[in-house]
Structure formats: structure tokens, C-alpha cells
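To start, the structure itself, in C-alpha cells.
The values are calculated or read from the model by the stated rules, or taken from the named source; none is laboratory data. Since the model is a prediction, treat every value here as computed from it, not as a measurement. Glycine also receives a Cβ, built like all others from the backbone with ideal geometry; neighbour counts cover every protein chain displayed. In case anyone asks, the SASA skips ligands and DNA or RNA and just uses the protein heavy atoms, side chains included. Shrake-Rupley method; radii C 1.70, N 1.55, O 1.52, S 1.80 Å.
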Amino acid sequence: MMKLVGPLAERDRWEATQCSIAKAVDIVGTRSAILILREAFYGATRFDQFARRVGITDAVASARLKELTEAGVFTKVPYQEPGQRVRYEYLLTDMGRDLFPVVMSLMQWGNEHLQPDGPPLTVTDASRNPVRVGVVTDAQETLGPDDVEVRVTRRSS
């Protein structure tokens, strides 16, 4: 397990207030939100693509896309087909694109633990080298939970 350092070491003396994980789950912690992100990374940008490909109702798609847009994960960009009313595309922002490793980690975990006959999709780079997600140091050393320490951030006044 990760090693809690300093005042965090005594777990019963502190609460996980302002937890970044809890804040992230508040935004992307539903099945439909994660699957909408999956589709965005696959190239979907239009409302009907998200609703159809995720298999959710228009009401759920609308609510989830609104939440994700308000949170800053997507931005709405107007478009108009000839003779049609103005509609909106949903494009990932930098904040949204930063969720790529999260979505890929879920795929990797599912491939390894939930697909007894092997993964349905293979993820590679352009040279067809397999791609993996992991926790790495700046020197590209892969770490496990036992290799990581967590400490309180010291903020300057």
C-alpha cells in the first residue's frame, strides 16, 4: 500500500477533506460519463453519436453532457448543416484530454481482469507497439503502490 508520511501517517487523526479523488468522481464517476469520454476519445463529437454509442437515453446524454461541459471537460461548438438549425458539437478541452490515461487505465484493467478470452481491442502506438498505462517517475521508472509516498502539500503563504 502507499505510505502515508508526516501528519497523514496517523490516519485516525485526519479526514480526507478536499480529496482530489472525490472531486474527480463527482464529475466523471458515473457509467455514462466514463462511456461518453470513451466515445469522445474514439472521435465522437455530436450528441446523437454519444447517446447511440453509449446506449443511453437522450435525457441522460443531455444531462451528462451538460454536467461535463459545465465542469470544463467539454466545450460546446456550434455547427449547422445546410437547411438545418444550429446544433452543437462537444469537443474535449485540455482538462478533458487529461482524462485519457484514466479511461485507458480502466480499459487496461478490464482487459486484464474481466476478459477471460482476451481483450476485444488492442491498443498500440503508430508503430504497433503495445501501449500500457502506469504510474511512472520523471525518469520513466514504473511504480506500484508500495513504491509511493503521500504527504501533505506545503503551500507558501
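Here the range 81-150 yields Rg over Rh of 1.15, to two decimals, using C-alpha coordinates and the Kirkwood radius. Could you pull out the trypsin sites (Lys or Arg not before Pro) across the range 1-90 that fall in loop regions by DSSP (anything but H, G, I, E, B) with no more than 14 other Cβ atoms inside 10 Å? Filter output for the range 1-90: Arg85. Within the accessible surface of the chain, defined with a 1.4 Å probe on protein heavy atoms only, the carbon and sulfur portion equals 52 percent.
Would you grab the residues whose amide H sits under 5 Å from the one on Val135? Only those 5+ places off in sequence or on another chain, please, with H modelled 1.01 Å from N. Distant-sequence amide H within range of Val135: Leu143. Tell me the relative contact order for the chain as a rounded percent, counting alpha carbon contacts under 8 Å between residues six or more apart. For the chain, the relative contact order is 28 percent. A Stokes-Einstein calculation at 10 °C with viscosity 1.306 mPa s, built on the Kirkwood radius of the chain over Cα pairs, returns a diffusion coefficient of 85 µm²/s. Span-like helix check, the chain: qualifying full DSSP H segments, with Cα axial length of 15 Å or more and mean Kyte-Doolittle of -0.5 or more, are 31-42, 58-71, 100-113. Placing unit charges on the Cβ atoms only, positive for Lys and Arg and negative for Asp and Glu, gives the range 1-52 a dipole magnitude near 160 debye about its Cα centre.
Look at where the Cα atoms of the range 1-50 and of the range 66-110 average out, and the two centres are 17 Å apart.
The heavy atoms of Glu10 present about 110 square angstrom of accessible area, all protein chains included, probe 1.4 Å. Accessible surface for the range 1-91, divided over its residues, is 69 Å² per residue with a 1.4 Å probe. In this rough spin-label picture, where each label sits 7 Å from Cα along the Cβ direction, the Asp94-Trp109 distance is 2.7 nm. Taking every alpha-carbon pair under 8 Å whose residues sit at least 6 apart, the range 92-157 reaches a relative contact order of 19 percent. Placing a label point 7 Å from the Cα of Asp58 along the Cα-to-Cβ direction, the residues of the range 68-106 with a backbone N closer than 15 Å are 85-88.
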